[in-house]
Structure formats: structure tokens, C-alpha cells
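Data block below; observations after.
The values are calculated or read from the model by the stated rules, or taken from the named source; none is laboratory data. Quantities reported herein were computed from a predicted structural model and do not represent experimental measurements. Ideal geometry is used to build each Cβ from the backbone, glycine not excepted, and the neighbour counts take in all protein chains shown. For the accessible areas, the whole protein counts, side chains as well, though only heavy atoms, and no ligand, DNA or RNA atoms are used. Shrake-Rupley method; radii C 1.70, N 1.55, O 1.52, S 1.80 Å.
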Amino acid sequence: MTKKLWGAVATVVVVVVAGLGGKYYMDQQDETIEALYPTAPGTFVGDPMPYYDGTDFLIYYLEDHRDGEIGFHPFSLFKTRDFYHYQNAGEVIPYVNEADDQERALGTGSVIKDESGLYHAFYTAHNGDLAPKEAIMHATSKDGEKWDKLPEHTFFASSAYEANDFRDPYVFYVEENDEYWMLITTRQEGTGVIAKYVSDDLKTWKDDDVFFKNDIGNDSNLECPSVVYFEGQWYLAFSDQWDQRVVHYRVADSLEEPFEKPERGIDHVDGAGFYAGRLDTDGDNLYLVGWIPTKEEHDDRFNYNWAGSLAVHQLTESENGLLAALPEKAKDKVETHVITAEQLAGETIDTDEEAVIYSGTIKGSDDGVLALSFSKDNQVLINLPEQTISYRNTTIEDLGRGVPKTEMPIEVSDGKIDLEIVKEKDIVVVYVNGRALSNRIYKAKMRDWKFVTVQGDFVLD
């Protein structure tokens, strides 16, 4: 990733308290990272947990050190107001680095602030060698950075759910009921469900039955759920753990009504190169905050793996469902180049170390297939006959072989394509008519790239 570190001031840790329930003053790296798709130095971003505090977006995440320790995935924190300048607060809630501890690994959770201004974090404690493997735990903080763990509030799955799949708590306040709801990823009767627990004090939680049951035609777990009220509707998002591995969303007019697929369009805005997206809003805008994965051995020949770089889409409502774009506040920080006729005809485009956007409206023939060729064997393909955009790690000559690594349906009428290509080092996110396709392409950070017309015709509109 492109990172500019400025004003870096390290504050030294002064207290380490062992055991559960202690207050942890962790290393705070008071530095600002300038990037559309940030990571902390030397680590990777897993499952984000955004919380808007009225001024800043506090984006907690599972930090993936890949360092071989017994424990893994502490909560770490980025703060931002524009999704380009990120203050790196570092690790804020640690795991317990002991083989037999429930908190050997931390899993996804959420953060909320109560009416007194106290922050509450609810998170998964995971240890694959224990039974049950997963528990829900609680911590509190006055400032969102220094946390007190409260092990006495720990709870496990009720008998209605699968105890070894019980994680990803998402807590929100329901004003009409004057109570807090916690959504939990779990399983029931052989399929993925989102359970609902309720509380009036954020301390004790009662099972209140299934909130949502898998409706996507498989038995996948529904990971990292979130619920947000925005412009008169409730939106539920969750990630399909297997099969498609995309972030789906559902819509309801109230929390008492069923959440259903959008009436028009499709139920996701990005492909399998973007995962674990959580919804959040500042009241005026709706965002989906997830991560773009690395690849095995950091090689384009291989599959995606877990964790990577933080990524944010700004969502807008339309008659065809939710549409995705680069957040406007971030877009203002990055140079935009208008795509030229010469470039569209195949002129080589220089790679750039900085984040850059290429934008334009083009028109293709009904049989048009256009490749964004980031090396001899890495193509992003816009296919008008199939109405798809896809990524294939193959040559132009071999496009007909194999299957895409990630693919998205698009809606293109009369051949008109509103195209935006966002490139930052090895991250390439392509927006076509409000649909996104996110990817990590390692060769994109070291090679010039070009448009290649595979078939049909394409011109500037």
C-alpha cells in the first residue's frame, strides 16, 4: 500500500497487567497513515468494526500479525474523518498469549457508547482447543482506547445454538424498546442463522430467538452481521462464509418486519475480493467497511487468504438497490485522471506509486469485451454480452479457460459504462455503473497497464 507517515510520535507503554480483567495501556503509535486502503506497518487488517462517535469513525479491526505467536488477532484501531487520513492508535484490546486461555484469539465484535458516554466493546473469545470454542466477552473504556476487560460478563451459546459457532456480536440500541440488541453469528438445525440477544444494561443478555435465517440457498454461516437505519429503511448486512463469499444485504421498513432481498438488482455491491463488510453511518452517508485480502505467498497465481487492507465503499440508494462508490471525502484527496481516447485504444498507462483514479464514460458495442490488462496474466474483464465484470489471473489468449477469481453482475444499457478505476500500489478497485470489483493484483504495483479490446468496439461517450 501507499503509506505516508507524518508526525510520527511513539508513546511508550508504561503498564502491562497480566490476566483477565486488567486494564491494558497498550503501545499507541500516534501516527497518521495517508492511504485509501491502509494497513499498519508490517501487519494486515481483518474484520473491521466501525463505530461513528459523532466526530470520527473509530475503525476497530482484528490485526493479523502473522508472527507465529500462540495467540492472535488483537483489536487494533484506526481513526478517520475522511477515509484517507487514518490515525493509527495501534493495539487496544489484547489477546491472551496462552494455549489454554479462552482469549487465545480475539474474534469479531462491535463497539457502542452508552448514554453516559462509556464505550462498550463486545467481542468473540476463540480457542479451538476448548469446548465450547467460542464465547462472547465484554470490555469498557472511557476514551475508546484504554479498555477494562469484564470477564464476569462472559457468556456462551444457549442450547438453541451451535456452541462452537457463536461469534461476531453486533450491538445496537433500539430506542422504541429502550433496550440493546445483540446479533450473533451462529448455527441452528444445520444452517447459518443470526441470533438475537437482548439486554437493558449491557451486562446480562437473554436469548430472544433467531433474528434472521440463511436465505441464500446454502447452509453457510452468516458472518459479521450489522444493522443500520438509513433514510427511512433498516439495512442488514452479513458475509457468506462459503460458496460466494460476498457481503450480502437485506432491507426492512422496521425491525419487526422480515428482512428481505432488494426488490430489484442484486443483494451485494462487490465480489469475493472484498469481505467482512460492516455497515455504518454518520447520519448523512452510508458506508460499508471491509477488507481486501492478500493472496497466498503474496503471488497472483494463488488464491485469496484471510485479512489484507482496509477498504470502504460509500453506498447510495437507487431504484436498482444499493450502489457503491469510493467515499467522496476520500476521492477529494486523490488525483483523478480522465481516460483519453488514446488510452482506451491501447496506449500504455504508467503505473503510479501514489493512489490515483482513472475516470470516464465509455460506450461499447453489444458484443463488447474490454480488458484492463495489469500484466500479461492479470486481467479485469468488462463483458457486455454476459453483463459481468471479473478478474482472471490468465493471459488474454486464455480467457476462455478456467473460472474467474471474483466476478460481479453489472447493469449496462445501450452499452454505456460509467467507469472508475481506483489504483493504489497493488490494490485495484473498479467501479462500473455503481457495482464494485475489488482486487489485490501484485503485478499492478510494478507494471504499466493498458486497455485491451478483446472483441467488439469501445469509444469515449
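Checking each residue in the range 65-88 for being surrounded by fewer than 23 Cβ atoms within 10 Å (Cβ to Cβ) and either small (Gly, Ala, Ser) or not in a loop (DSSP other than H, G, I, E, B) (or both) picks out Gly68, Gly71, Phe72, Lys79, Thr80, His85, Gln87, Asn88. Which residue is surrounded by the fewest Cβ atoms within 10 Å (Cβ to Cβ), if the candidates are limited to the range 129-140 and must be under 19 Å from Leu62 (Cα atoms) and touching a residue at least 24 places away in the same chain (Cβ under 8 Å)? Only one residue fits best here, namely Lys133. Apart from one condition, Val111 fits all of (1) modelled with pLDDT under 95; (2) outside any loop (DSSP other than H, G, I, E, B); (3) open to solvent by less than 70 Å² (accessible area, probe 1.4 Å); (4) in contact with a Ser or Thr (Cβ under 9 Å, 6 or more places away or on another chain); the exception is (1).
For the range 155-190, give me the residue count where each residue is of a type in the set (Val, Ile, Thr), more than 27 Å from Phe78 (Cβ to Cβ) and surrounded by 15 or more Cβ atoms within 10 Å (Cβ to Cβ).
So the count comes out to 1.
Listed by first and then second residue, the pairs linking a residue in the range 158-184 that is over 17 Å from Leu202 (Cβ atoms) and at pLDDT 95 or above to a residue that is open to solvent by less than 40 Å² (accessible area, probe 1.4 Å) and among the hydrophobic types (A, V, I, L, M, F, W, C), with Cβ atoms under 6 Å apart and 6 or more places separating them unless they lie on different chains, are Tyr161/Ala195; Ala163/Ala157; Phe166/Ala157; Asp168/Cys224.
Scan the range 207-253 for residues that are part of a strand (DSSP E or B) and either open to solvent by 10 Å² or more (accessible area, probe 1.4 Å) or not charged (D, E, K, R) (or both) and the total you get is 28.
Selection of the range 191-206 for residues being in a strand (DSSP E or B) and open to solvent by less than 50 Å² (accessible area, probe 1.4 Å) yields Thr191, Gly192, Val193, Ile194, Ala195, Lys196, Tyr197, Val198, Ser199.
The residue of the range 400-411 that is nearest to the chain's Cα centre (by Cα), among those that are open to solvent by 20 Å² or more (accessible area, probe 1.4 Å) and of a type outside the set (Asp, Glu), is Lys405. The single condition from (1) in a strand (DSSP E or B); (2) open to solvent by 10 Å² or more (accessible area, probe 1.4 Å); (3) within 18 Å of Lys196 (Cα to Cα) that Glu256 fails is (1). The residues on offer are Phe259, Phe238, and the sole one that is in contact with a Ser or Thr (Cβ under 9 Å, 6 or more places away or on another chain) and among the aromatic types (Phe, Trp, Tyr) is Phe238. For the range 312-335, state whether one or more residues are touching a strand residue (DSSP E or B) at 6+ places or on another chain (Cβ under 8 Å), charged (D, E, K, R) and more than 24 Å from Val228 (Cβ to Cβ). For the range 312-335, residues touching a strand residue (DSSP E or B) at 6+ places or on another chain (Cβ under 8 Å), charged (D, E, K, R) and more than 24 Å from Val228 (Cβ to Cβ): present.
Among residues that are out of contact with any Leu (no Cβ under 8 Å at 6 or more places or on another chain), β-branched (Val, Ile, Thr) and open to solvent by less than 10 Å² (accessible area, probe 1.4 Å), Ile441 is included. Checking each residue in the range 397-408 for being at pLDDT 95 or above and aliphatic (A, V, I, L, M) picks out only Met408.
Residue by residue through the range 263-284, note down the ones that are buried (at least 16 other Cβ atoms within 10 Å of the Cβ) and assigned to a loop (DSSP other than H, G, I, E, B).
Once the filter is applied, which keeps residues that are buried (at least 16 other Cβ atoms within 10 Å of the Cβ) and assigned to a loop (DSSP other than H, G, I, E, B), the range 263-284 yields Gly265, Ile266, Asp267, His268, Val269, Asp270, Gly271, Ala272, Gly273, Phe274.
Being part of a strand (DSSP E or B) and closer than 22 Å to Trp181 by Cα is the requirement here; does Ala163 meet it? No: the conditions fail for Ala163.
Put simply, of Ala18, Ala10 the only residue that is at pLDDT below 95 and assigned to a strand (DSSP E or B) is Ala10.
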